[in-house]
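Step one of this worksheet: look at the structure below.
The values are calculated or read from the model by the stated rules, or taken from the named source; none is laboratory data. Since the structure is predicted, the reported quantities are computational estimates derived from the model, not experimental observations. Note: ideal-geometry Cβ built from the backbone for every residue, glycine included; neighbour counts use all protein chains shown. Please note that ligands, DNA and RNA were not included when accessible areas were found on the heavy atoms of the full protein model with its side chains. Shrake-Rupley method; radii C 1.70, N 1.55, O 1.52, S 1.80 Å.
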Amino acid sequence: MPELPEVEVVRRGLERWVSGRTVTDTEVLHPRAVRRHLAGAADFADRLRGVTLGPAYRRGKYLWLPLGNGTSLLGHLGMSGQLLVQPQNVPDEAHLRIRVRFTDTAAPAAGEAGTSAAGEAGGTELRFVDQRTFGGLSVHDCVPDGPDAAVGLPLPLAHIAPDPLEKAFDEDVFHEALRRRRTTIKRALLDQSLISGVGNIYADEALWRSKLHYDRPTAAMTRPRTAELIAHIREVMGDALAAGGTSFDSLYVNVNGESGYFDRSLDVYGREGEPCRRCGTLIRRRPWMNRSSYFCPRCQRPPRVS
DNA sequence: CCCCTGTCCTGCCTGC
DNA sequence: TGCAGGCAGGACAGGG
């Protein structure tokens with residue numbers, strides 16, 4: 001599943017291969033992939049026809065491209081989504097859900113399939129592929145004013161907090177919001193209105209690095225503890241980005257950033273029964289919110305009242 | 001208003 | 001061999 005660093009790789013790929021191109025037509029092959037576009041698949045295609053896509057932006061795991069008319073194209077990869085830039089003659093993927101064609105995507109001359117592309121990205125189309133259809137694309141009005149308006153932030157993202165890699169992320173604001181909540185630290189890390197872009201895996205990784213148990217009450221967080229936790233989240237994300245951030249570089253590669261490297265750099269997630277890399281104690285797994293939490297029982301002491 | 005649970009979806013893996 | 005069931009996960013609707 002794409003974590004924030006992989007989504008950032010996708011953003012870079014979109015910016016390089018898709019931004020600046022003008023849409024001719026859009027094909028929705030599975031209605032669920034546009035379910036967040038409430039007006040339906042036909043309207044979705046109508047709103048994209050003829051527009052030129054702006055720069056690619058990201059907040060947390062959301063991606064968007066302004067359309068220059070007060071609306072933006074919004075995307076989320078969900079659990080299994082990919083955005084691919086493919087030559088037209090490549091056969092459809094098994095789980096192709098949406099296809100976007102561009103004005104520079106020349107149809108191959110009859111009987112002459114596979115001719116060379118006119119421009120660098122010419123001859124390619126954008127494909128949204130998603131096995132489990134948790135992700136999707138949609139078009140929305142942008143927020144009307146403020147700094148978010150300048151980047152065409154889609155209205156549905158107005159309540160999403162900045163992610164820790166953004167300049168706009170304010171550690172003091174986050175800490176105060178954390179202290180106001182009556183909940184536990186891992187729940188808070190997964191709450192998109194407090195901090196975005198942290199999924200189950202990176203939450204466990206950052207908590208392990210910070211020696212914090214997932215069930216610690218947020219009310220017990222001190223300013224230095226919060227600072228340390230944020231620093232560790234940035235580290236985990238930064239390491240992954242450094243490792244996988246170059247895989248978008250070649251054309252025709254999927255911009256999804258799947259590199260396989262990401263999994264290997266994990267310290268606790270998925271390591272039940274294996275020794276903690278700090279103290280050697282065996283890592284444990286606990287069922288948690290219909291998911292799992294991995295932790296070191298020695299480095300990450302549970303709170304007194306759980 | 002705040003917090004928490006259930007739900008969406010499909011392929012892979014395990015165990016009977 | 002085949003099938004049932006568990007698991008994975010982000011985001012959000014709706015319940016308490």
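Could you give the distance between the Cα centres of region A:44-65 and region A:184-245, to the whole Å?
Here the answer is 29 Å between Cα centres.
Can you give the FRET efficiency for A:Leu38 and A:Met79, using 1/(1 + (r/R0)^6), R0 = 22 Å, r = Cβ-Cβ distance, to the nearest 0.05?
FRET efficiency, A:Leu38 to A:Met79: 0.50.
For an R0 of 30 angstrom, estimate the FRET efficiency from the Cβ-Cβ distance between A:Arg277 and A:Ala227 and round to the nearest 0.05.
E(calc), rounded to 0.05, equals 0.85.
How far apart, in nm, are two points set 7 Å out from the Cα along the Cα-to-Cβ line at A:Asn89 and at A:Asn290?
About 4.6 nm, to one decimal.
Which of the helices in chain A meet the span-like rule: DSSP H, Cα axial reach of 24 Å or more, Kyte-Doolittle mean at least 0.5?
Details: long enough: A:223-244 (32 Å, 0.06).
Within chain A not a single helix satisfies the rule.
Would you compute, from DSSP H runs of 4+ residues alone, the mean residue ellipticity of chain A at 222 nm, taking -39500 (n - 2.57) per run and dividing by the full residue count, rounded to the nearest 500?
Rounded to the nearest 500, the figure is -7500 deg cm²/dmol.
Translational diffusion coefficient of region A:4-157 at 25 °C, 0.890 mPa s, Stokes-Einstein with Kirkwood Rh over Cα pairs, in µm²/s as a whole number.
156 µm²/s
Going highest first, how would you order A:75-85, A:137-147 by mean Cβ packing within 10 Å? It would help to have the intermediate numbers written out before the result.
Working: A:75-85: 21.5, A:137-147: 16.4.
Ranked from most to least packed, the peptides come out as A:75-85, A:137-147.
Send over a whole-number figure in Å² for the accessible area per residue of region A:4-157, probe 1.4 Å.
Value for region A:4-157: 42 Å² per residue.
Report the paramagnetic label zone for A:Arg187: residues of region A:268-290 whose backbone N is under 12 Å from a point 7 Å from Cα along the Cα-to-Cβ axis.
Backbone N within reach: A:289.
Using a 1.4 angstrom probe on the protein heavy atoms only, line up A:Cys279, A:Cys299 by accessible area, largest first.
So the residues, ranked largest to smallest area, are A:Cys279, A:Cys299.
Would you please classify the overall shape of region A:160-211 from the alpha carbon gyration tensor, given that a ≥ b ≥ c denote the square roots of the eigenvalues, rounded means a/c under 1.5, and beyond that prolate means a/b larger than b/c while oblate covers the rest?
Oblate, because a/c is 1.5 or more while a/b does not exceed b/c.
If I stretch the segment between A:His30 and A:Ala242 completely, what's the gain in nm (0.36 nm per residue apart, minus their alpha carbon distance), one decimal?
Using 0.36 nm per residue and subtracting the Cα-Cα distance, I get 72.9 nm.
Please report the base-10 log of the normalised intensity I(q)/I(0) for chain A, using a Debye sum with one equal scatterer per alpha carbon and no solvent, at each q in 0.15 (1/Å).
Relative scattering, expressed as log10 I(q)/I(0), comes to -1.17.
Can you order the peptides A:41-50, A:15-24 by their average number of other Cβ atoms within 10 Å per residue, highest first?
With the highest mean Cβ count within 10 Å placed first, the list reads A:15-24, A:41-50.
Carbon and sulfur together cover what percent of the accessible area of chain A at a 1.4 Å probe radius?
50 percent
So, R0 is 30 Å and r is the distance between the beta-carbons of A:Asn69 and A:Phe134; what FRET efficiency does that work out to, to 0.05?
Efficiency for this residue pair is about 0.55.
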